[in-house]
Amino acid sequence: MSSETVNVDEFKELANQALPKMYYDYYAGGVDRGTDVFKALALGAHAVLAKASSEPVNVEEFKELAKLTLPKMYYDFYAGGAEDEHTLRENIQAFQRITIRPRVLVDVSQIDTSVTILGHHISAPILVAPTAAHKLAFYEGELATARAAAAAKTIMVLSYSSSCSIEEVASSCNAVRFFQLYVFKRRDISRQLVERAERFGYKAIVLTADAPRLGRREADIKNKMIAIPEKNLEGLITIDVSSDQGSKFETFANKTLDASLRWEDIEWLRSITTLPIIIKGILTREDATKAVEAGVDGIIVSNHGARQLDFAPATVSVLEEVVHAVKARVPVLLDGGVRRGTDVFKALALGAQAVLIGRPVLFGLAAKGEEGVRKVLEMLKNELETSMALSGCPCIKDITRSHVRTHYDKLHSML
């Protein structure tokens, strides 16, 4: 009970939010004080049932269902950010400050959302971002997520800290997948992970560059988060980590990941694989320029879902800066804060080739398993299609910078 609603008033408020007014008034009417506990249980049960049985109409509603479904420790692990969570909120709010400038009287009777990323044709510019430990959300874990991504005809990026192994996910269905890599102090471990991914048909390596150590995720510290990324590391490294200070996940990461990783190490990674290398975690023009000079094949503008450095900028707020520095030499993708098809549209207008979504996938998985992930991807694709039609853009290449107005544009127009 400590992980959910813990007193009568909280049950009552939850019921008030979830139940039709007629039913809430019936249960909340005059009752003798001796039955308060019974009343609270009735209200709470009906509220949970009402919410769990409802069909989400947007991806944020999956978040509410996931909160009802998951233990508090796991929900906090997925939903939380670093420190005061300023960047976590800003990732979403920055999108909301961008407005769309639609065009009318354009033939939008046919809308094509498909794109090509590193030579792979996908149904929409919406990829599944690498996120850890999907079995905390649903018993099939990444196998369910992989099947949902395949059904949506898009690319899934498998996290190194997945609950299912590289091999298990590869055999789950026929689809294009990338593999996310962290570099360990023991480079032989990273080498083996890359070799396994290449051997089992993954099409690119996504190097996470913004985690020399884990950010301070205070919810995980309070909850003493116990998830350790063990499946892909079995037989490679000792994973029995004890910590009296808080998150065991943080302790594990800080003991094993290589904080000395430098730009020169891109050459080392290139030497051990023939796969394209995408670097994830770029937020400045300076690093974007260095990434291109280092020979990467793609860039993901990312602040790690706001889980690393709090008060790092929202990703969409620095997207144009990175795009201008890259000068179309490699594809630029974005993750962080994408919750609507209009967000996808805005990112594309600012120069991204595609976006990646993380938390919405996890919340869909927690709420409704594989079907939930399918629904999340379908909702975003459908919303993007609607946004394109209402903005006068029959296909992705028709979305241009002139279709959006940012906060900076508004300030500039006032000068």
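Given a Förster radius of 51 Å and the C-beta distance between Glu286 and Cys395 as r, what FRET efficiency does 1/(1 + (r/R0)^6) yield to the nearest 0.05?
0.90
Cut-off 12 Å, label point 7 angstrom out along Cα-to-Cβ of Arg199: give me the residues of segment 160-174 whose amide nitrogen falls inside.
Backbone N within reach: 166-167.
I need the fraction of alpha carbon pairs in segment 164-243 separated by more than 15 Å, rounded to a whole percent.
Roughly 65 percent, once rounded to a whole number.
Counting only protein heavy atoms and using a 1.4 Å probe, what share of the accessible area of segment 54-165 belongs to carbon plus sulfur, as a whole percent?
Using a 1.4 Å probe with all protein chains present, segment 54-165 comes out at 52 percent carbon and sulfur.
Calculate, in nm to one decimal, what Asp188 and Thr99 gain on full extension: separation in residues at 0.36 nm each, minus their alpha carbon distance.
Net length gain for the segment: 27.3 nm.
Going from the alpha-carbon gyration tensor of segment 327-393, what semi-axes, largest first and in whole Å, does one get by taking the root of 5 times each eigenvalue?
Here the semi-axes work out to 23, 16, 8 Å.
Kirkwood Rh over Cα pairs of segment 356-396 into Stokes-Einstein at 4 °C, 1.567 mPa s: D in µm²/s?
D, rounded to a whole number, is 119 µm²/s.
Hey, could you grab the Kirkwood Rh for segment 53-104? Inverse mean 1/r over distinct alpha carbon pairs, Å, one decimal.
Its Kirkwood hydrodynamic radius stands at 13.6 Å.
What is the packing order of peptides 152-159, 356-363, 269-276, taking the mean over residues of other C-beta atoms within 10 Å and listing the highest first?
Put in order of decreasing packing, that is 356-363, 152-159, 269-276.
Starting from the coordinates of the alpha-carbon atoms of segment 284-415, obtain the Kirkwood hydrodynamic radius over all distinct pairs and give the value in Å to one decimal.
That comes to 15.9 Å for segment 284-415.
Which of rounded, prolate, oblate describes segment 57-164, given a ≥ b ≥ c as roots of the alpha-carbon gyration tensor eigenvalues and a/c under 1.5 marking rounded, otherwise prolate only if a/b is larger than b/c?
It is oblate, given that a/c is not under 1.5 and a/b is not larger than b/c.
Excluding residues fewer than 8 places away in the same chain, name every one of the aspartates and glutamates whose C-alpha is closer than 20 Å to that of Lys410.
Qualifying aspartates and glutamates at Cα under 20 Å: Glu90, Glu320, Glu321, Asp343.
Which order do peptides 80-91, 295-306 fall in by mean Cβ count within 10 Å, highest first?
Packing order, densest peptide first, comes out as 295-306, 80-91.
Roll a 1.4 Å probe over the protein heavy atoms and report the accessible area of Thr69 in Å², nearest 10.
That residue has around 80 Å² of solvent-accessible surface.
Which three semi-axes in whole Å describe the equivalent ellipsoid of segment 95-223, each the square root of 5 times a Cα gyration tensor eigenvalue, listed largest first?
For segment 95-223, the semi-axes come out at 31, 21, 16 Å.
Would you mind working out the accessible area per residue for segment 79-215, using a 1.4 Å probe, and quoting it in Å²?
About 41 Å² of surface per residue is accessible.
Mean shadow of segment 307-352, computed from the convex hull of its alpha carbons, in nm²?
Its average projected convex-hull area is 3.5 nm².
Expected output is a single nm value to one decimal: the length gained when fully extending between Asn254 and Gln110, i.e. 0.36 nm times separation in residues minus the C-alpha distance. What is it?
That pair, Asn254 and Gln110, stretches by 46.8 nm at full extension.
Which value, in nm² and rounded to one decimal, describes the direction-averaged projected area of the C-alpha convex hull of segment 276-351?
With the hull built on Cα positions only, its mean projection is 4.9 nm².
The values are calculated or read from the model by the stated rules, or taken from the named source; none is laboratory data. Everything numeric here is computed off the predicted structure, so don't read it as measured data. Neighbour counts are summed over all protein chains in view; Cβ atoms, including those assigned to glycine, are modelled from backbone coordinates with ideal geometry. What goes into the accessible areas is simple: the full protein's heavy atoms, side chains included, and nothing from ligands, DNA or RNA. Shrake-Rupley method; radii C 1.70, N 1.55, O 1.52, S 1.80 Å.
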